[in-house]
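Report on the structure given below.
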Amino acid sequence: MIIRVQDLVKRYGDLQALDHLSFEVREGEIFGLLGPNGSGKTTAINCMLSLLRYDKGEIRIFDRPMTPESYKTKAEIGVVMQDVAVFDVLTVEQNIDYFCGLYVRDTERRRRLVQEAIAFTGLGGFEGFLPKKLSGGLLRRLNIACGIAHKPRLIFMDEPTVAVDPQSRNKILEGIKELNRRGATIIYTSHYMEEVEQICSRIMILDHGREIASGTKQALKSMIDLGEKNSFEVYDLPEEELREIRGLPEVAEAHYQDNMLVVKSHRGSNILERLLEFLRSRGIVFGRIYSEQPSLNDVFLEITGRELRDGGSHE
Ligand SMILES: Nc1ncnc2c1ncn2[C@@H]1O[C@H](COP(=O)(O)OP(=O)(O)OP(=O)(O)O)[C@@H](O)[C@H]1O
């Protein structure tokens, strides 16, 4: 077992940030911690890294107890934190060399590792740049290079794509999958469900410091009764027709707002064809049609009654 967390409790004064959290991470996984802002993801990571004292519980990494003095364990861990933490006065290359040097003393080997990290994160050509000359996306990639240059066996990544443009984000996500293919186990936190769905092999959903569900994305989605969501651009939908749609046995819920008819079906039922027939038979004019599978947001919504996040933008 790469990580075993048992019954972890962390309080900040009266606030219970982690509430009896237990989970395990196996070798080779990309394990996603998904939860809204403030759900306890960063606190959980800081406890696992022994950067934060906790009130109760046990944390083992590589089958060894994790303590602030676990230097051997720490040397096998890479950390990419939410806030970019690099030295302003050092160049890209010097920064990576500095962080790699915390674990790798041999200068020849380090030189090779630094070059590999530069190539891996696509920072070639920027070696001599100071961090303040880099774009936001490149700075994030430097942050990642600093965390992974020493080729750790286990990598913690805390929201590494916050405030990153879509192109850099995709590069970062591809990079994470590649690190995993090369053998690293990864803990990835995010409040962006699409990212977690895209890269994580197993996911734990957190809310108020508690696990509300965990499993593969398929397993999580099969926990809820929701099937696909079909949306139709409809210019006029009489109340009577909406009532009839709601009455169809496969329909879980149906709403009509701002010229959009949104119909969510129960799990396992495919009703797009039937809805199209219904609309046509009633002479209801429709425009564009979208069909979506349930998302992890639907899982979160069904369990907590709230949206995983407000709005849809990747701010
Ligand atoms: N040093 C601190 N002192 C007091 N409260 C804190 C402290 N750090 C975090 N908290 C609170 O603990 C809860 C969990 O915060 P945490 O940062 O772990 O959540 P998170 O899921 O990582 O959120 P985010 O995505 O915003 O970082 C929040 O309510 C937060 O306000």
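FYI, it's all coordinate maths here, none of it is from the lab. Here the structure is a predicted model, which means the values were calculated and not measured. Reconstructed Cβ throughout: ideal geometry from the backbone, glycine too, with neighbour counts over all protein chains shown.
Result for the chain in a Gaussian network model with C-alpha springs under 10 Å: among R210, R282, R140, the largest mean-square fluctuation is at R282. Think of each Lys and Arg Cβ as +1 and each Asp and Glu Cβ as -1; about the Cα centre, that makes the dipole of segment 3-221 roughly 420 debye.
Which percent, to the nearest 5, of DSSP beta bridges fully inside the chain are antiparallel? Before the final figure, lay out the partial values.
Values: 36 of 54 bridges.
Of the beta bridges lying entirely in the chain, close to 65 percent run antiparallel.
What FRET efficiency do you get for S22 and R181 if R0 is 30 Å and r is their Cβ-Cβ distance, rounded to the nearest 0.05? Efficiency at R0 = 30 Å is approximately 0.55.
Averaging the sequence gap over all C-alpha pairs within less than 8 Å and six or more residues apart, then dividing by the number of residues, gives segment 29-101 a relative contact order of 15 percent. Across the chain, Cα pairs under 8 Å and at least six residues apart give a relative contact order of 19 percent. Take 159-167, 233-241, 113-121 and order them by the average number of nearby Cβ atoms within 10 Å per residue, most first; the result is 113-121, 159-167, 233-241.
Site pair N270 and R109 shows an inter-label distance of 5.5 nm when each label is modelled 7 Å from Cα along Cα→Cβ. Relative contact order for segment 153-213: 36 percent, from Cα pairs under 8 Å spaced at least 6 residues apart, divided by residue count. The spread of Cα positions in segment 1-133, taken along each principal axis and listed from longest to shortest, comes to 47, 30, 26 Å.
What do you get for Rg/Rh over segment 145-277 if you use C-alpha atoms and the Kirkwood form of Rh? Present the calculation step by step, with values, prior to reporting the outcome.
Details: Rg = 20.4 Å, Rh = 18.1 Å.
Radius of gyration relative to Kirkwood radius: 1.13.
D by Stokes-Einstein for the chain, Kirkwood Rh over Cα pairs, 10 °C, 1.306 mPa s: 73 µm²/s. Between H208 and Q293, the distance separating the two model label sites (each 7 Å from Cα on the Cα→Cβ line) works out to 3.1 nm.
Determine, for each peptide in 72-78, 126-132, the mean count of other beta carbons within 10 angstrom over its residues, then list the peptides with the highest first.
On the way: 72-78: 17.7, 126-132: 14.7.
Averaged packing, sorted descending, gives the order 72-78, 126-132.
Structure remark: mean-square fluctuation, Gaussian network model of the chain, C-alpha springs under 10 Å; the largest value among F232, F156, F300 belongs to F232.
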